[in-house]
2 protein chains.
Amino acid sequence: MVQIYKGEAPAALEAVLDPAMFKALGDPTPTALIARLGERNAPTTVTEAAECCPVDLSVVSRHLAMLRDAGIVQAERHGREVRYTVSHQALAARLRTIADALEACCPEESTCCPTEVER
Amino acid sequence: MVQIYKGEAPAALEAVLDPAMFKALGDPTPTALIARLGERNAPTTVTEAAECCPVDLSVVSRHLAMLRDAGIVQAERHGREVRYTVSHQALAARLRTIADALEACCPEESTCCPTEVER
DNA sequence: TGTATATTTGCACCATGATGCAACTATAGC
DNA sequence: GCTATAGTTGCATCATGGTGCAAATATACA
């Protein structure tokens, strides 16, 4: 369950930190699908996209739907096939928006002597 | 298990798409911790950080360690306490690096008529 | 050395999500 | 309408990871 804590992040941050997007990017199969759509660089059917990884077609279908819901890819139906497209530019723009929000939310403060702790 | 598919992403992308970072940002507790460290804006102990959310102190300790391993926060031990610091600037920089890699990897191509498919 | 505080780690439990298979729906062509 | 192809969805299974509790470790101080 994705529970949001009260006052978890500054408003601007909270608006752009989309858990769905990060969850998608944290798993290898969706990541592979994003790369696959990128290298094909053209509307790609579920069957074509499935060549990216050794998983069942239904798994690919589900992941693509998840990516669509997360706003990372777009879908268009043509007859009996559905063609997916990824906009790396759009995804990059979203990451930059988050970066902007991060820098804006909390002014940096110099710390005296940050020493790494061995793990 | 985080399995990396062969040729999952262009080299430049693969180098910056860190699953550990995205996994951390996809869960509310680590996100709340990042925000907590940001608003305090100074080295923060585990006990202080734990005020961010209604979870056991051990959970906070584990999440902070995970964030440290993911390179998102830094830790320094002072006596019996460990003080954590987050650099929003550094995190923002990493996101921008990913954005750059995304834009560089696959030249955009215009699609004819991207129509959303109802879910 | 003994005690108190701060943090980490072992362990068990539970919710979530990824997966494969089979059944189902949608569409095209006969 | 019937059949074939493309994709989605239901269901069961399994791995992962978040969580709390208790025990262990690290350090300071008496």
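The values are calculated or read from the model by the stated rules, or taken from the named source; none is laboratory data. In this text, all values refer to a predicted model and were calculated from it rather than measured experimentally. We place every Cβ from the backbone using ideal geometry, glycine too, and count neighbours over all the protein chains shown. For the accessible areas, the whole protein counts, side chains as well, though only heavy atoms, and no ligand, DNA or RNA atoms are used. Shrake-Rupley method; radii C 1.70, N 1.55, O 1.52, S 1.80 Å.
Interface size between chain A and chain B, please: total buried accessible area, 1.4 Å probe, rounded to the nearest 100 Å².
Approximately 5000 Å² gets buried when A meets B.
List the distances, in nm to one decimal, from the label point of residue B:90 to the label points of the same position in every other copy, shortest first, placing each label point 7 Å from Cα along the Cα-to-Cβ direction.
Sorted ascending, the copy-to-copy spacings read 3.4 nm.
Can you list the distances in nanometres, one decimal and ascending, from the residue A:55 label point to the identical position in each other copy, with the point 7 Å along Cα to Cβ?
Ordered by increasing distance: 2.4 nm.
For the residue pair residue A:20 and residue A:47, what label-to-label distance in nm results when each label sits 7 Å from Cα along the Cα-to-beta-carbon direction?
So the two model labels end up 2.8 nm from each other.
Using a 1.4 Å probe on the heavy atoms of the protein chains only, list every residue of the range B:49-82 that has 30 Å² or more less accessible area in the complete assembly than in its chain alone.
Residues losing area: B:68, B:69, B:74, B:75, B:76.
Probe 1.4 Å, all protein chains in place: accessible area of residue B:77 in Å², nearest 10?
For residue B:77, solvent-accessible area is about 140 Å².
Kirkwood Rh over Cα pairs of the range B:11-103 into Stokes-Einstein at 10 °C, 1.306 mPa s: D in µm²/s?
Rounded, D is 116 µm²/s.
Once the piece of chain linking residue B:62 and residue B:80 is laid out straight, how much longer is it, given 0.36 nm per residue of separation minus the C-alpha distance between them?
Gain in length upon complete extension: 4.8 nm.
Using the heavy atoms of the protein chains and a 1.4 angstrom probe, tell me the accessible area per residue for the range B:11-103 in square angstrom.
Counting only protein heavy atoms, the per-residue value for the range B:11-103 is 41 Å².
Once the label point is placed 7 Å from Cα along Cβ, list for residue B:71 the distances to the corresponding points in the other copies, in nm, shortest first.
Going from nearest to farthest copy, the values are 2.7 nm.
Students sometimes get this wrong: rank B:61, B:87 by accessible area, probe 1.4 Å, all chains present, largest first.
Order by accessible area, largest first: B:61, B:87.
Report the charge-dipole magnitude of the range A:11-97 in Debye, nearest 20, computed about the Cα centre from +1 at each Lys and Arg Cβ and -1 at each Asp and Glu Cβ.
That gives a dipole near 160 debye.
May I ask you to rank A:62, A:83 by accessible area, largest first, using a 1.4 Å probe over the protein chains only?
A:62, A:83
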